[in-house]
Amino acid sequence: MNTAELLNDHFRFEVSTAENRSHIKLIGIIDENADFSSLLKLKGQNISFDFKDVSSINSCGIRTWVNFMKELIGTPIEFVECPPLVVRQMNMVPSFLGSAIVTSVYIPYVCDECDHEQQQKISIKDYKSGLKIAQTITCEKCSSNTMELDGNVKQYFAFVK
Amino acid sequence: MSLVQSRNIILPTSATGVFSKKEAASLIASGCSHIHSSQLGQRDPLAVMTYQSIDCHQTACYPWEKSQGLQQVSLDSSNSRYTLINQISNSLQIKPTTQLCDRVTTCLEELFTNSLFHAYHLADGSEKYNRNESVVLNANEKILIEFARSSEGIFISVRDFGEGLPFPKIQNYFRRCYEQRDQSQIETKNSGAGLGLYVVFESASHLKIVSTLKQGTLVSCWFSKTSAFDPNYFSFNFFQGEIKK
């Protein structure tokens, strides 16, 4: 099953189902106009929320999301592909996570030479197992080795219990 | 308070030392309106500027507020805010997918909505505009924005001509946002979520608020290029007084 729902000018989501799990891709800006009520029918099922294409979340969007998570208590939920802006919300507002499990996040690197930013996907399972997060990587744009982690690992992964 | 006593206090409402954001928020909640987090303590140049301005009964003007190439725009409606945020972001030449862009644009959104929906009140004290409706401000209610970029970071300021933001209200914000880590962290009674200032405080390296009752509020922020919180380069200052151009 694949459905796309246009919710407003700034936000929409796409739902697909595979292997007994609903995968919900969130796209755009989560603000006071974001309406998740049509997803409540999935309560009790396995749900993955994919945040990769969320471009912004404002404080009213946080509240809307937290209230939505509250409605889904008891539902097995995982957050996948969380970009830095979603990780920031999880660290600032712990209830943003609700009872969900975070499966993967992106960590940001910025190149000192050319200012290029690239993100690396990290599995939270690997991180919990002791994966060492590289402080510097090679820039895919200018090939310099001065691409540094934009942030502090401890601060960034503070949401991991 | 032991936290304060272990560091330097110049005035009853000021603290210098090295603080985490949570410690600083705790100080603000307990009445501290000037905090300079730096290993230099009282010798921190920004702290010196703050104390000199307090001595002169003036509002401090920090180096980034005098940036070269300062640009000014205004906001007059809620519907135009996302377009304006994009314009500012483009003018600042920050790449849309970067953390710096996210921090700056998120704070602009929070400061815009605070000014649009919460700054202007009716005669009975209730908020004039409803968050759930489109707002077009009157000519005397416009919101003024200044911004600039340097090699070290980005400066933005947002000024409204509303009711003003009394310090006790800020204390309450910080108390709720930092002491409550469950759903009570979020405001449910009002039209806003009550997280805007918290988001700005967490995102900016330096935050200054100037407020005058019935004349408005100016929020001025400096964002370092790097996203990692640096406890050696962070300040919060609240001034009650004249908002200077």
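Regarding residue B:89, is this residue free of Cβ contacts under 8 Å to residues at least 24 places away in the same chain, within 13 Å of another protein chain (Cβ to nearest Cβ) and under 30 Å from residue B:233 (Cβ atoms)?
The answer is yes for residue B:89.
For the range B:157-187, how many residues meet the condition of being within 12 Å of chain A (Cβ to nearest Cβ), within 26 Å of residue B:143 (Cα to Cα) and outside any helix (DSSP H, G or I)?
2
Only residues that are facing chain B (nearest Cβ under 10 Å) and of a type in the set (A, V, I, L, M, F, W, C): list them for the range A:108-117, please.
A:110
For the range A:132-152, enumerate the residues that are touching a helix residue (DSSP H, G or I) at 6+ places or on another chain (Cβ under 9 Å) and either under 20 Å from residue A:97 (Cβ atoms) or of a type in the set (A, V, I, L, M) (or both).
Of everything in the range A:132-152, those that are touching a helix residue (DSSP H, G or I) at 6+ places or on another chain (Cβ under 9 Å) and either under 20 Å from residue A:97 (Cβ atoms) or of a type in the set (A, V, I, L, M) (or both) turn out to be A:133, A:149, A:151.
For the range A:117-158, how many residues are in contact (Cβ under 8 Å) with a residue 24 or more places away in the chain and in a loop (DSSP other than H, G, I, E, B)?
Result for the range A:117-158: 11.
Aliphatic (A, V, I, L, M) and either surrounded by 14 or more Cβ atoms within 10 Å (Cβ to Cβ) or at pLDDT 95 or above (or both): is that true of residue A:131 in this structure?
Answer is no for this residue.
For residue B:221, all conditions in the list (1) touching a residue at least 24 places away in the same chain (Cβ under 8 Å); (2) farther than 16 Å from residue B:29 by Cα; (3) within 14 Å of chain A (Cβ to nearest Cβ) hold save one; what is the number of the exception?
Among (1) touching a residue at least 24 places away in the same chain (Cβ under 8 Å); (2) farther than 16 Å from residue B:29 by Cα; (3) within 14 Å of chain A (Cβ to nearest Cβ), the lone unmet condition for residue B:221 is (3).
Does residue A:37 satisfy the criteria of being within 12 Å of chain B (Cβ to nearest Cβ) and surrounded by fewer than 20 Cβ atoms within 10 Å (Cβ to Cβ)?
Taking the combined requirement at face value, the residue does not satisfy it.
Go through (1) touching a residue at least 12 places away in the same chain (Cβ under 8 Å); (2) exposed (fewer than 15 other Cβ atoms within 10 Å of the Cβ) for residue B:119 and report which single condition fails.
Here residue B:119 clears every test but (2).
The values are calculated or read from the model by the stated rules, or taken from the named source; none is laboratory data. What you see is a predicted model; the values in this text were computed from it and never measured. Cβ coordinates were reconstructed from backbone atoms using ideal geometry, including for glycine residues, and neighbour counts include every protein chain displayed.
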